[in-house]
Amino acid sequence: MDLNDPVTKLPLVGHHYSSLLEKANISTVYDLLFYIPYRYLDFSKETEIAKAKIGDIVTICGKVVEIKNTYTKRGLTIQTAKVIDKTGAINIIWFNQPYLVNNIKKNEIYSFAGKITLFKNKKTIVSPEYEKKEKSGIHTGRLVPLYSSIKGITSKWLRSRINQALEIYKDKIEEKLPTSTLRKLGYPKINDAFWYIHHPQNEEEIKKGRERLAFEEFLKLQITSLIKKINWQKNNTAPILKNNQETIKSFLKLIPFELTRSQERSVKEIATDLNNKIPMNRLLEGDVGSGKTIVAAFACFLAVKNKKKSVLMAPTEILAKQHYNTFKKIFEKEKIGIGLATASEKKNLENSDIIIGTHALIYKSVNFDKIGLIVIDEQHKFGVKQRASLVEKVKKGEYQPHILTMTATPIPRTIALTAYGNLDLSLLEEMPKGKRNVVTWIVPEEKRIPAYLWIKEKIEKEREQVFVVCPLIEESEKESMKQIKAAESEYIKLKEIFKNQKIGLLHGKLKTKEKDEIIQKYKNGEISILVSTPVVEVGIDVPNANIMIIEAADRFGLAQLHQLRGRVGRGEKKGYCLLFSESQSKKAYKRLEALRKESSGFKLAEIDLSLRGPGEVWGTKQHGFPELKVAKWSDTEIIKKARETAEEILSNKNKYKKIISEWESKIV
């Protein structure tokens, strides 16, 4: 027996129950033990019937002297029982559970747990948990765990099965960490942790059990990531892209501004990686407008200087074309060829040194000879298979290209090291000089009309342009028809309000030619207000667009709101972001207030994490973020401990033989 046994090895778990458990991703005994309670009922106070007071939550133990079904006029049933102990009697009632009359036997002793109430002027417990006296200690007389419901399965059934699993497999829950490591970390043994979480004596045990199991979950993620990193570095060879201080200086002459400290640091980190036969696998993380494109352009410049080509893959045609134009401008003096490959068009692919495109790069016939570097922008928007397909297509013979991935979703460092632990991290933590903070206002419904009047004045007197982003209806990377309809409704409404202004509508279902025409008109100033769905705004860079309206802003994650806000205030003038919200929720207002006050994406990610707790806090779901069963992404201290322990394990194989043996097939 071991914890990887199927749940059907447990008593009373046949095909029916195993198929129900499967829907909750529970297929092994280990999965079942990792199904953690969401809260506990305190039934630890055991008392005699006579001493039980109205309002008390208690466990009483007594003989069932009467139990029966009674029927209401509406055909419903009520189950009533009378229970006695040496001090007195108490009534018990349930509703619409007629089978209890057969389950609970007269003249036998049971434990009942629940709240003492008055029912028809008599002390009563309504719908209590119960169990036979000789089996007590699972559903009564303790801190009783409650589990998230699984269709067709009760919390009581789960408690019984988990209790059996703990009893049957207690000797199979093997501790792989040495006692000295556990002592240093301050954690209990793993078998104790399972008991603490499912069978706690007190709140302290619950806390200790949860922390150890969360650590176990993060440790596995960290070890997996670090092993991937080790294998990547051992098994692959990349072309050495030689560079020195002079190379960096020659690139800096191509750009009309100074790099920020973060950009300088990132450039040096990338230059060091590329000057090595171990292929770079680095994540460049930073806010919208923090200058990731310039850092990526530098990496491509080094490849060109070493007679190698680069490929840059972006998630949308809009963003790919934006990069194409930016790169052409940067490398104009150097006569570096820039190519474009999207679903709708190809440009300059024959003699290009840098090929920019969408995922169409994977499927189109593009010459990938001499590719030394791949850059993947907004990397979370590509599936693992898409990224791997591009790498495989580019890979030639024994050489593996260097890889730089980028994201504009700032994630706290400790979390990024877990979610993307196989990558090295470069962070852009400040904005370029001259980049203005965008003034952010929360606009309640009663101030909507004055806000429109102010916008009208800005358009007419100062020739300002406006983005309007429609409400997020579904948390999805893909655009739904509901979102398109919301955008269309907003477009019609604004045409009525701003009758003298040209208004454009942009969404994912438009043909490429239509999108291009609308974006070009917006850039040329022929459109004053551009209405958009939430998923197409990335990559539209219009220096004169200085006002952003976000409808139903409370529905968005803080990180996504911050990204949207980053699309304005990119030119000479001050930017404004108006957060329209009808929500009365204090929690929602607190989040919007944090956005109003804070301009750092990294700080906002931390705030969002603390305000919203576990779950998906980075707006639309990020590919590559593992599902957590026990741990929370807000457990930053546990994440740090798991990272440090994983690094120690992989550098000290003798001390950690048990863990290493579990992973040895993955370590080369």
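The values are calculated or read from the model by the stated rules, or taken from the named source; none is laboratory data. Small disclaimer: the values here were computed from a predicted structure and weren't measured. With ideal geometry, Cβ positions are generated from the backbone for all residues, glycine too; neighbour counts draw on all protein chains shown. These accessible areas exclude ligands, DNA and RNA; they are computed on the full protein's heavy atoms, side chains included. Shrake-Rupley method; radii C 1.70, N 1.55, O 1.52, S 1.80 Å.
Overview of values
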| item | result |
| --- | --- |
| MRE, 222 nm, helices only [DSSP H, n ≥ 4, -39500 (n - 2.57), over the chain, to nearest 500] | -11500 deg cm²/dmol |
| Whole-percent carbon and sulfur share, accessible surface of the chain, 1.4 Å | 49 |
| Selection of GluC sites (Glu not before Pro), segment 188-280, meeting DSSP coil and at most 15 other Cβ within 10 Å | 258 |
| Neighbour-limited loop hits for trypsin sites (Lys or Arg not before Pro), segment 173-273 (at most 15 other Cβ within 10 Å; DSSP other than H, G, I, E, B) | 189, 242, 253 |
| Angle in degrees between helix 292-305 and the longest Cα principal axis of the chain, rounded to the nearest 10 | 60 |
| Relative contact order (%) - criterion: Cα under 8 Å, at least six apart; region: the chain | 12 |
| Selection of chymotrypsin sites (Phe, Trp or Tyr not before Pro), segment 75-119, meeting DSSP coil and at most 13 other Cβ within 10 Å | 99 |
| Helix axis angle, 512-524 relative to the chain longest principal axis, alpha carbon, degrees | 70 |
| Surface accessible to a 1.4 Å probe, per residue, for the residues of the chain, Å² | 48 |
| Principal-axis tilt of helix 203-235 within the chain, Cα atoms, nearest 10 degrees | 40 |
